[in-house]
Amino acid sequence: MKTAARFPLALAACSAAALSAGAALYGDPPDERHAWAVHDMNRPRPAVATPGAALGQPPSDAVILLDGKSLDAWESDKDGSPCAWKLVDGAMEVVKGKGQIRTKQSFGDCQLHIEWRTPDVVEGSSQGRGNSGVFLMGTYELQVLDCFENDTYPDGQAGSIYAENPPLVNVCRKPGEWQAYDVVFHQPRWEGDTMVRPGSITVFQNGVLVQDHWLFEGTSTHRKRTLPRKHEAKLPLKLQDHGNPTRFRNAWIREIPDYEGDFTTGAYRKPAAIVAQRKATAAKVRGEAEKILAGGDKLGGMQKLFEAATYEADAAVQARIVSMAGAYVDEIRALDAAKTEARKGEITGVLGDLDYLVKFGIVPAAEAPKGALQKLAAERGLLKKK
Ligand code: MG
């Protein structure tokens, strides 16, 4: 009986130079920085989401902030009263004097899509023209401004991180035309009172990169430089009332996981979490091996145990696979030439596995029956090139 190996069997042919089709082990094994082998089929699959019908439309896992029909996701930032901005032609328009608004829901690291347009009737100049702002976590301002032929200080123009960093390029459309921000945002990470990783933001304006993983220096303010400050892990998104009737539409947000951050290791990984994950996977794969063995498939069970051994060094498992591999060599030795030839793919596969286990130090060379199987395979002509 054939059992599922750790790598997709369809890919086996690609690895012919290194391993044979019957091998269970494939890409480089888990190590102290990686819970999974390269191309590991035990690795959990990403969740499935349906993308929007067109670019810019929300995927199925997004939280909708503006759908053109209601302002229900928003409230006054001043007192939590209902959002007093207005719906106009399927968009939300700033109502001067009503103050900034915030989402009812709080968010941390996120992907954000939001579309905006400055008034088609141009009034004012510099910072007084179509000014608003998208405040990630209510704290970090991505400026919204009519910057089409409107000069202002660069660290306050559209696409800037206000008071910190100008956009890489000015890709503003004309007043009255819809524009889009696509944002990837990560908040700073702290250990106690020490910031171990700064917050960052990447922004595309109208599909053009305007902020390339900018590392926040502080929190947004006006005229002053600031330092990072600790805040809650989740906070509402806010939009600014700067007195101009700027509009917003088609806004959606997706929370994104931290990239397993432990900035201090330099590996962006948590060693303890990796050890725990490897241990859990080893236990799961050992369980699968026992089931296969109980079903009478010695070869499949042995190869599953090989696999289990790559996740966690376990002396008992190691001794067991050495003994099982020894018995396997004896079994092959007892076969006649025709039967050996018929099992060529399987034998060279096991040889590939033993090679792997020795190469990566999972089983010491002295203990692996690899040499015996290799000698036998050579004697039986299994290693000859076609
Ligand atoms: Mg602003």
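The values are calculated or read from the model by the stated rules, or taken from the named source; none is laboratory data. Not measured: the values here are computed from a predicted model. Glycine gets a Cβ as well: all are built from the backbone with ideal geometry, and neighbour counts include every protein chain shown. With ligands, DNA and RNA removed, areas are computed over all heavy atoms of the protein, side chains included. Shrake-Rupley method; radii C 1.70, N 1.55, O 1.52, S 1.80 Å.
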Counting only protein heavy atoms and using a 1.4 Å probe, what share of the accessible area of the chain belongs to carbon plus sulfur, as a whole percent? 54
Given the candidates A294, A283, G243, the one whose Cα lies deepest towards the positive end of the charge dipole of the chain, counting +1 at each Lys or Arg C-beta and -1 at each Asp or Glu C-beta, is A294
Over the chain, relative contact order from alpha-carbon pairs under 8 Å, at least 6 apart, %: 19
In percent, how large is the relative contact order of segment 210-351, given Cα pairs closer than 8 Å and 6 or more residues apart? 11
Among Q211, W252, P30, whose Cα projects farthest towards the positive end of the dipole of the chain, with charges put on the beta-carbon of Lys, Arg (+1) and Asp, Glu (-1)? P30
Need one value: the accessible area of E379 in square angstrom, 1.4 angstrom probe, rounded to the nearest 10. 120
Averaging the inverse of every distinct alpha carbon separation and then flipping it gives the Kirkwood radius. What is it for segment 63-255, in angstrom units? 16.5
Would you be so kind as to identify which of I101, V121, A91 lies farthest towards the positive end of the dipole of segment 53-163, taking Lys and Arg as +1 and Asp and Glu as -1 on Cβ and the Cα centre as origin? I101
Would you mind counting up the charge near H113? Only other residues with Cβ under 14 Å from its Cβ, with Lys and Arg at +1 and Asp and Glu at -1. -3
Heavy-atom accessible area of W214 with all protein chains present, probe 1.4 Å, nearest 10 Å²? 50
Using the Cα centre of the chain as the reference point, and only Cβ charges (+1 on K/R, -1 on D/E), how large is the resulting charge dipole? Debye, rounded to the nearest 20. 1000
Can you work out ³J(HN,Hα) from phi for every residue in segment 41-47, in order, using Karplus 6.51 cos²θ - 1.76 cosθ + 1.60 and θ = phi - 60°, giving whole Hz and x for Gly and Pro? 6, 7, 5, x, 7, x, 4
Of all C-alpha pairs within the chain, those more than 33 angstrom apart amount in percent to 50
Phi-based couplings in Hz for segment 147-156 (Karplus 6.51, -1.76, 1.60; Gly and Pro marked x): 10, 7, 6, 9, 6, 7, 5, x, 7, x
To the nearest 10 degrees, the tilt of helix 370-379 (Cα long axis) against the first principal axis of the alpha carbons of the chain is 60
Assigning unit charges at the beta carbon (Lys, Arg +1; Asp, Glu -1) and nothing else, what dipole magnitude in debye, to the nearest 20, does segment 63-255 show about its Cα centre? 320
Check: C-alpha center segment 70-98 vs C-alpha center segment 121-176, spacing in Å is 21
From the protein chains alone at 1.4 Å, what is the descending order of accessible area for H186, H39, H242, largest first? H39, H242, H186
What's the angle, to the nearest 10 degrees (0 to 90), between helix 315-333's Cα axis and the longest principal axis of the chain? 50
Please give the solvent-accessible surface of K270 in Å², to the nearest 10, using a probe radius of 1.4 Å with every protein chain present. 100
Percent relative contact order for segment 63-255, counting Cα pairs under 8 Å at least six residues apart, stands at 32
Note to self: with every protein chain in place and a 1.4 Å probe, segment 305-355 gives an accessible area per residue in Å² of 41
Can you give the calculated 222 nm mean residue ellipticity of the chain, where each DSSP H run of n ≥ 4 adds -39,500 (n - 2.57) and the sum is split over every residue, rounded to the nearest 500 deg cm²/dmol? -7500 deg cm²/dmol
Roughly what angle does helix 344-359 make with the longest principal axis of the chain, taking Cα atoms, 0 to 90 degrees, to the nearest 10? 70
